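See below for the structure under consideration.
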Amino acid sequence: MRLQLKKIMLSNILIRLGIAGIFLYEAIRSLLIPPYSINLLLKQILFVGARSVLVIVVAGLFVGMVIALQFYDTLVRFGSISLLGSAVGLSLTRELGPVLTALMVIGRTGSAMCAEIGIMRIDNQIDALECMGIDPHRYLISPRILAGILCVPILTAIFIVVGIFGGYFVGVILFDVSAGSFFQNMNDAVLNRDLCMGLTKSIVFGLLIVWISCERGFNLHLDKSGAYGSEGVSRITTEAVVISSITILFSDYLLSALIL
Amino acid sequence: MVKRNTENVLEVSELNTWYGDRKILSDINLSVSRNEIMVIMGHSGSGKSTLLRYILGLEKIKEGIIKLLNKEVAKLSKDELYKLRKRIGVAFQSGALFNSMTVGENIELPLHENTDLDENTIKIMSRIKLELMQLSGTESLMPAELSGGMLKRAGLARAVIMDPELLFFDEPSAGLDPITSAHLDNLILQLRDTLNMSIIVVTHELESAFKIADRITILDKGEIILVGSKEVIKKSNDSRIINMLERRAISNPLDAKDYLNRLTKK
Ligand SMILES: Nc1ncnc2c1ncn2[C@@H]1O[C@H](COP(=O)(O)OP(=O)(O)O)[C@@H](O)[C@H]1O
Ligand SMILES: [Mg+2]
């Protein structure tokens, strides 16, 4: 009995993954085959990227400040305050920048995408697109995926830069670490390899967030386990946020392990 | 009556469909000829919308054959299906307009996506259709600013913007006031007579069905119980149809004990 239940659950998970895989394939296929619509892409870049900048700046500033504070407190015990620049720079570029930016984007953009597409599904708007001879993957999903892949790395870069500035503010201005050693040390420690790691992560995260959020909304009707309507939309939106957050943290570990 | 071209725009044969394990449609056979208005009637839940979804290729056919404009839907590739759908129009029950666009942008969308017409021509074409639906002046409003009947008409405007050969209309008059729904009926007749469309209308409104239909298909619990002209329907002696015509509730003789058992059944 137990075993059987496990088997059913496993096959359900495999079916879901298969459906999500086909979904991504369709979206990427539409990205590779013309015609392209610049308008749709710009609209999504505005939504995913431009409108998130302020949130990312504020978050980056505080995160940079708090890690400088924490590292300062730790480093001071070992008398190695000169390492503050490298500690702040490395932790931001390798880990905190990409991961925290991704989590902010999930909360701000992923959830909204999921809810919007879910509502389009239950109101037959996606069927209406199909009936007009417009491929909903091409029209709705591809521009979002491309915008995610383009914008999340840029937002991550902004986060890191602002974070370093926050760290500088706390370290150099509040605690009198010399500015020269702060930046020299950071410059020596953060290598191209570290920047590449941050960039790779942020591109992967951008893809994952949009993929998971859009797929959950788009395939809302395939989910036989629960209610449709507004309750269904709220349920899959929560689900999208949880699944994409966990996937981000898991793939962050995986990517770190692979690249290091 | 004028002699019509007898070519069929839609042929459904031996269609059986399921949602999960529940059988929804059984042995559906149906054909609609060019320039005809076919009304599909039935109680709510009888499978009318489901039938439309299968005809439009929105659900995968497991048993049966559907030919739309002489092409077998199940055998088309994705691209061929999209190409075929550009020749048909579908107006959904709720209107299904995109909330983030104005009414005008909604109606122009098929032209923007499917044709190379210039902006001015597109504007003019959408104004013509809005005028036809008595919606002039609403093009810069958002869908949320329209009433239910207006949404339905805007959805119809979008469905006919490409001048389709074949139009599907799900529940045009459900939830509308009598005047608006009479206007929609006239509009449907006008679309057939002036633009030569073949039209399939799903409804449960008797009056509207008898006003517009060339033929009526009656669906009951997923089965077609009759296809025919208004006269044939009126003369039918099937009790289910008579009940429907006289708007009688389906009455089963009530057995008190049995009724109590059903209610208290675990
Ligand atoms: N997505 C779905 N999943 C499961 N059952 C459905 C679904 N859509 C409709 N049904 C069922 O199919 C039957 C026919 O529904 P529908 O075609 O919408 O009826 P109508 O349009 O005639 O009111 C109903 O019993 C309904 O419960
Ligand atoms: Mg219906």
Scope region A:142-181; condition over 30 Å from residue A:23 (Cβ atoms), of a type in the set (S, T, N, Q) and open to solvent by less than 60 Å² (accessible area, probe 1.4 Å); matching residues: A:181
Count of region A:215-240 residues which are open to solvent by 60 Å² or more (accessible area, probe 1.4 Å) and of a type in the set (A, V, I, L, M): 1
Answer from B:139, B:59, B:63, B:36 - the residue that is acidic (Asp, Glu), touching a residue at least 12 places away in the same chain (Cβ under 8 Å) and within 16 Å of ligand 2 (Cβ to nearest atom): B:59
Some residue of region A:67-89 being surrounded by fewer than 23 Cβ atoms within 10 Å (Cβ to Cβ), within 17 Å of the chain's Cα centre (by Cα) and more than 14 Å from chain B (Cβ to nearest Cβ): no
Filter pass, residue A:13 being within 20 Å of the chain's Cα centre (by Cα) and assigned to a helix (DSSP H, G or I): no
Elements of type helices (runs of 4 or more DSSP H) in region A:103-214, at least 3 residues being at pLDDT 90 or above and not aliphatic (A, V, I, L, M): A:111-122, A:125-131, A:142-168
Hits in region B:186-228 - residues which are more than 16 Å from ligand 2 (Cβ to nearest atom), closer than 22 Å to residue B:129 by Cβ and either open to solvent by less than 10 Å² (accessible area, probe 1.4 Å) or touching a Phe, Trp or Tyr at 6+ places or on another chain (Cβ under 7 Å) (or both): B:187, B:188, B:191, B:197, B:198, B:199, B:212
Test: residue in region B:59-77 that is surrounded by 13 or more Cβ atoms within 10 Å (Cβ to Cβ), within 16 Å of ligand 1 (Cβ to nearest atom) and within 14 Å of chain A (Cβ to nearest Cβ): yes
Residue satisfying condition, being open to solvent by 20 Å² or more (accessible area, probe 1.4 Å), under 21 Å from residue A:151 (Cα atoms) and free of Cβ contacts under 8 Å to residues at least 40 places away in the same chain, within set A:243, A:212, A:203: A:243
Flag for residue B:176 being assigned to a loop (DSSP other than H, G, I, E, B) and surrounded by 15 or more Cβ atoms within 10 Å (Cβ to Cβ): yes
Boolean, residue A:97 is over 30 Å from residue B:56 (Cα atoms), modelled with pLDDT under 90 and in contact with a helix residue (DSSP H, G or I) (Cβ under 6 Å, 6 or more places away or on another chain): no
Residue A:139 open to solvent by 20 Å² or more (accessible area, probe 1.4 Å), over 17 Å from the mean Cα position of the chain (by Cα) and more than 14 Å from chain B (Cβ to nearest Cβ): no
Given (1) more than 16 Å from ligand 2 (Cβ to nearest atom); (2) surrounded by fewer than 20 Cβ atoms within 10 Å (Cβ to Cβ); (3) within 14 Å of chain A (Cβ to nearest Cβ), index of the condition residue B:19 fails: (1)
Close pairs (8 angstrom Cβ cut-off, 6 or more residues apart or separate chains): closer than 12 Å to residue A:120 by Cα and modelled with pLDDT of 80 or more in region A:217-232, within 11 Å of ligand 1 (Cβ to nearest atom) and not in a helix (DSSP H, G or I) anywhere: A:220/A:228; A:221/A:228
Considering residues of region B:93-126 that are open to solvent by 20 Å² or more (accessible area, probe 1.4 Å) and under 21 Å from the mean Cα position of the chain (by Cα) only, the residue nearest to the other protein chains (Cβ to nearest Cβ): B:94
Matching option when the condition is of a type in the set (Val, Ile, Thr) and loosely packed, with under 13 Cβ neighbours inside 10 Å, among A:56, A:13: A:13
Hits in region B:24-56 - residues which are assigned to a strand (DSSP E or B), within 7 Å of ligand 1 (Cβ to nearest atom) and open to solvent by 10 Å² or more (accessible area, probe 1.4 Å): B:24
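The values are calculated or read from the model by the stated rules, or taken from the named source; none is laboratory data. None of the values given here were measured: they were computed from a predicted structure. Every residue, glycine as well, gets a Cβ built from its backbone with ideal geometry; the counts of neighbours run over all protein chains shown. Surface accessibility is based on the protein's heavy atoms, side chains included, excluding ligands, DNA and RNA. Shrake-Rupley method; radii C 1.70, N 1.55, O 1.52, S 1.80 Å.
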